[in-house]
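Q: One structure, as structure tokens, below. Some questions next.
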Amino acid sequence: MRRAVALVALGALLVCRPPLRADPGSESLRTHASVARPSAETGASARLRPARPDPILAWLRYKAVRIDSLDEGSPPDDLMPISPWIDDAAIVALGDGTHGTREYYLVKQRIIEFLASSRGSCTVAFEGPWNEFLRIDDYIQGGPGDPDALLRIPGYFFWEYEEMRELLEWARAFNAVRAPAERIELLGLDVYGSVESRDEVLSFLAMVDPAARETAQKEYGCVGELLGGSACAPSLDSVRRNLEEKREQYVASAGLKLYLRALQSARVIEQARDVTQATSFQANQATRDAMMAENARWIQDAWLGGKELVVWAHNEHVGKSPWKLFGQDGEVDVESMGLHLKSTFGTSYFAIGTSMSEGSFIAYNASSSNPVAMQPVTPDNYELLFVRSGHPIQAIPLFGSDVPDWIKGPRRLRFGTASYWPSEFNNPWISLPEKFDAIIHFDHTTPATPLPK
């Protein structure tokens, strides 16, 4: 069981990097993270007094898994100690501490490569729209398409990166030499993209039931205006109900996968209606997270038949505790997708977050994507403690009966949002083990690389 295996000592080769850079005008990270300095002493007592042990350093050196490389095709030895953590997982969630950090994308590709190679296949559900990611998945299965064009999804600047294009090209090459059951799949679990969903449903019905297509087209008359706030009637749910009632007939005619594509597309249309008709931004975001959790459960159950699913989304979505939202009603808690999935799967939902000590990332400010610096740490931040290990990249387990109080917190942990300005909101107080089961921490990060215009 993964909880017991966390007690095994973990080691790997040392990776060297330049010292961390201090933020101008502030104390360096190393100074913040250091233990208290003893007072000056002279004579034999000073020479004989042993150095005070650092329990945080000792725990990190014993527990943390040092990740040696972010390069595609690297030997998997450094990731092997992580595998037992997720052996019992129905869903493994990979969180992004920002929506634009290069190293976060690269480490996830390594994890996907490791899982696909060691477990025979790997299906990843992204914080992205169902139907647009069906086109992406068609491409990595060997279909036609331009990966840059496929990644340019309106409202999702955080997939329009060269790092994502590299993932697609690698997955396509990986799949090209494997049987269908051993391939990687890249799917979407978000609730937007209703026009593409409508087209998927109508195309499927035109093939299997032209009369039902005519009825569906009338019900979906409002869909093109959904994101503009147009009110779609509850009666459009009848399209999905018809698909469910005629499942046996439609599967016999078109096959299970095409049927499931259409069925989920019909559900996404309903979800897009409900999200856009929410009465407040808080209700909008709460509905979105609940429905992304619903979609993750559906993919894991209906699409995969109960096999392990990997979810890739922002830290605040995959975390197992509520996330904070500042709106017209002040500070409110939003039940995250991860909280919903924890309620369903219990300890079989395993959430892995990401964090950095210092670095910059891409954010979407002033209608354009530009690099921004992560705000400086405070003395209360978890990140100051993580640097003590000396590991430039490390995976830190947060579960088990021996989690120390300094891990339990609460302490602060920074994150970057799509539109980012340094603030208290982006450096909240949290209990790390309540939010994640593990975290991958980087001493230093760099911005992701936007695709050419």
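Any read-out appearing in this document is the output of simple, stated calculations on the displayed coordinates, not a laboratory observation. Computed from a prediction, not measured in an experiment: that's the story for all the values here. Here the Cβ is made from the backbone with ideal geometry for all residues, glycine too, and neighbour counts use every protein chain on show.
Q: Please state the shape class of the range 252-314: rounded when a/c is under 1.5, otherwise prolate if a/b exceeds b/c and oblate if not, all from the C-alpha gyration tensor.
A: oblate
Q: While we're looking at this one, here's another question. Take the Cα pairs of the range 291-413, get the Kirkwood Rh, then feed it into Stokes-Einstein at 10 °C and 1.306 mPa s and tell me D in µm²/s.
A: It comes out at roughly 92 µm²/s.
Q: Fewest Cβ neighbours within 10 Å first, please rank CYS122, CYS222, CYS232 accordingly.
A: Placing the least packed residue first, the sequence is CYS222, CYS232, CYS122.
Q: Over the alpha-carbon set of the chain, work out the extent along each principal axis and list the three values in angstrom, largest first.
A: Computed over the Cα atoms, the extents are 96, 50, 43 Å.
Q: Using the basic label-point model (7 angstrom from Cα toward the beta carbon), what is the MET207 to LEU57 distance in nanometres?
A: 6.2 nm
Q: More than 25 Å apart: what percent of Cα pairs in the range 80-239 qualify?
A: When all Cα pairs of the range 80-239 are counted, 42 percent exceed 25 Å.
Q: Here is a further query. Report, to two decimal places, the Cα Rg of the range 360-411 normalised by 2.2 N^0.38 Å (N = number of residues).
A: 1.56
Q: Rounded, prolate or oblate: which one fits the range 63-104, using the alpha carbon gyration tensor with axes a ≥ b ≥ c (rounded when a/c is under 1.5, else prolate when a/b beats b/c, else oblate)?
A: oblate
Q: Which whole number in µm²/s is D for the range 55-134 by Stokes-Einstein, with the Kirkwood Rh taken over Cα pairs at 20 °C and 1.002 mPa s?
A: 147 µm²/s
Q: Within the set of other residues whose C-beta is less than 11 Å from the C-beta of ILE407, count the net charge using Lys and Arg as +1 and Asp and Glu as -1.
A: Charge balance near ILE407 sits at 0.
Q: Among SER419, LEU398, SER369, whose Cα lies farthest out toward the positive end of the dipole of the range 366-453, if unit charges sit on the beta carbon of Lys, Arg (+1) and Asp, Glu (-1)?
A: Comparing the listed Cα positions along the dipole, SER369 ranks first.
Q: Further question: Taking other Cβ within 10 Å of each residue's Cβ, how do MET374, MET291, MET337, MET80 sort, fewest first?
A: MET80, MET291, MET374, MET337
Q: Order these by the 10 Å Cβ neighbour count, fewest first: SER389, SER235.
A: SER235, SER389
Q: Among residues other than ALA293 whose Cβ falls under 13 Å from its Cβ, what is the net charge (Lys/Arg +1, Asp/Glu -1)?
A: Counting the neighbours of ALA293, the net charge comes to -2.
Q: Continuing with the same structure: Relative to the longest principal axis of the chain, what angle (0 to 90°, nearest 10) does the C-alpha long axis of helix 102-119 take?
A: 70 degrees
Q: Which whole number in µm²/s is D for the range 370-453 by Stokes-Einstein, with the Kirkwood Rh taken over Cα pairs at 10 °C and 1.306 mPa s?
A: Diffusion coefficient, whole number: 111 µm²/s.
Q: Another question, if that's okay. Among the aspartates and glutamates, select those whose C-alpha is under 12 Å from the C-alpha of LYS246, and discard any that sit fewer than 8 residues away in the same chain.
A: Answer for LYS246, where 12 Å is the Cα cut-off: ASP209, listed by chain and number.
Q: Of all the C-alpha pairs in the range 327-392, what % are more than 15 Å from each other?
A: 73 percent
Q: DSSP beta bridges in the chain, what fraction antiparallel, as a percent rounded to 5?
A: So the antiparallel bridges in the chain amount to around 45 percent.
Q: Sorted by average packing, counted as other Cβ atoms within 10 angstrom per residue and highest first, what order do 249-258, 304-313 take?
A: 304-313, 249-258
Q: What shape does the range 200-301 take by its C-alpha gyration tensor, where a ≥ b ≥ c are the square roots of the eigenvalues and a/c under 1.5 counts as rounded, a/b above b/c as prolate, and the rest as oblate?
A: oblate
Q: Quick check: residue separation of ASN370 and GLN217 times 0.36 nm, minus the Cα distance between them. What number comes out in nm?
A: 51.0 nm
Q: Which of the residue pairs LYS218/LYS257; LYS307/LYS435; LYS257/LYS435; LYS257/LYS342; LYS218/LYS307; LYS257/LYS324 have a Cα-Cα distance greater than 32 Å in the structure shown?
A: Exceeds cut-off: LYS257/LYS435; LYS218/LYS307; LYS257/LYS324.
Q: Per the helix-only calculation at 222 nm, which mean residue ellipticity applies to the chain, given -39500 (n - 2.57) for every DSSP H run of n ≥ 4 and division by its residues, nearest 500 deg cm²/dmol?
A: -11500 deg cm²/dmol
Q: Moving on. Specify the angular offset, from 0 to 90 degrees and rounded to the nearest 10, of the alpha carbon long axis of helix 210-219 from the longest principal axis of the alpha carbons in the chain.
A: The helix 210-219 is inclined about 60 degrees to the chain.
Q: Below 11 angstrom from the Cβ of VAL191, what's the summed charge of the other residues (Lys, Arg +1; Asp, Glu -1)?
A: -3
Q: With labels modelled as points extended 7 Å from the Cα through the Cβ direction, what inter-label distance (nm, one decimal) is found for PHE425 paired with THR446?
A: With each label point 7 Å from Cα toward Cβ, the separation is 3.1 nm.
Q: Counting only C-alpha contacts under 8 Å and six or more residues apart, can you give the relative contact order of the chain as a whole percent?
A: 23 percent
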